[in-house]
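These notes concern the structure reproduced below.
No lab work stands behind these numbers, since they all come straight from the coordinates. Treat the numbers as computed from the prediction; the structure is a model and nothing was measured. Note: ideal-geometry Cβ built from the backbone for every residue, glycine included; neighbour counts use all protein chains shown.
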Amino acid sequence: MPQLAQIKKAVSFINKKTKNFKPQIGLIAGSGLGWAIPPLEKKVIVPYTTIPGFLQSTVPGHAGNLIFGEYKGTKIVVMQGRFHFYEGYQMKEFAISVRTLKMLGVEKLLVSGAVGSMDKQLPPGSLCVLKDHINFMCNNPLIGNSREPEFGPMFFDLSEAYDKTMRKVTLAACKKIGLKAKEGVYIAVTGPNFETPSEIQMFKKWGASVVGMSVVPEVLVARQCGIKVLGLAVVTNMGCGIEKKPLSHEQTIRESKKAEINFKKLMEILFVKL
Ligand code: HPA
């Protein structure tokens, strides 16, 4: 089935479940952050498994639900559980969820993810507010997947992929709650392995501050269809080779669990101020 038809089917299914709830802000929750959400009113949970044509999450620590609700009057949708290229999906498939959010009404998208840091000023537990990215996945969800006018223009500008105003609001909110945060550049890799020490040194020379295995595909789709984007990278470890100890997925999950309290506080502010 063409992707547009697939998305329309998903959207009409979801609209029936939510009685045409029109979210303004979307949040894609990264590794371990799916539960770090402020309490929502008028909550409706739609499991990915029930949505026709939607992708399914396969990684431990990633639930699979769309959660709709209101926070202090702002209409929110949370993607609790996200998809990764290393799970074996086709790049094109990354467009489905974000385009579904767009058709549901989302105007602003918060994309979070766990990262390794190449910047000593962004230690584990801190937040990198993305100001730009480098797509080193060497692939793109829009290839062969941009012909429908509903999806936006095939060629589009990325000089401000991450919204400047949203970044400013976020840095101020971090300061308020005492969360160490700084702007930086995200480099996206496919994973699933962590990087080698030489790769980390190369990324640092290229100007990247943090490295992760997600975010960029969703951001590309969102920017194409005109959604404003905020990128939030939760630092779970220093990049491979910067510290002596080996890296593990357990550490990623453990550190993002620790970040939950701050992340939730941040969402409480951003859901109102953005
Ligand atoms: N590299 C890539 N992705 C990651 C890392 C890392 O060090 N930590 C958490 N996600």
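Entry note, the chain: relative contact order of 26 percent, from Cα contacts under 8 Å with a spacing of 6+ residues. Evaluated with a Cβ-only charge set (Lys, Arg +1; Asp, Glu -1), the chain carries a dipole of roughly 860 debye about its Cα centre, given to the nearest 20. Over the residues of the chain, the helix contribution to mean residue ellipticity at 222 nm works out to -10000 deg cm²/dmol, using -39500 (n - 2.57) for each DSSP H run of at least 4. Here the 3J(HN,Hα) profile of the stretch 41-52, calculated from phi with Karplus coefficients 6.51, -1.76 and 1.60 at θ = phi - 60°, is 8, 6, 6, 10, 10, 10, x, 3, 4, 8, 8, x Hz, Gly and Pro shown as x.
Note on the stretch 1-147: with charges restricted to the Cβ of Lys and Arg (+1) and Asp and Glu (-1), its dipole about the Cα centre is near 620 debye. Where in the chain are the DSSP H helices whose alpha-carbon span along the long axis reaches 27 Å or more and whose Kyte-Doolittle mean is at least 0.5? Going by DSSP H runs, there are no hits. Direction-averaged projected area, Cα convex hull, the stretch 3-273: 12.9 nm², rounded to one decimal.
Taking trypsin sites (Lys or Arg not before Pro) as exposed when their DSSP state is a loop state and no more than 13 other Cβ atoms lie within 10 Å, the longest site-free interval of the chain runs over 148-243.
With contacts taken as Cα pairs under 8 Å at a separation of at least 6 residues, the stretch 1-130 carries a relative contact order of 33 percent. On the beta carbon distance between Gln90 and Thr49, with R0 = 22 Å, the FRET formula returns roughly 0.70. Take every pair of alpha-carbon atoms less than 8 Å apart whose residues are at least six positions apart; their mean separation over the length of the stretch 198-274 yields a relative contact order of 25 percent. For the stretch 152-274, the spherically averaged projection of the C-alpha convex hull amounts to 8.6 nm². Applying the criteria of a DSSP loop state and at most 16 other Cβ atoms within 10 Å to the chymotrypsin sites (Phe, Trp or Tyr not before Pro) of the stretch 139-168 yields Phe155, Phe156.
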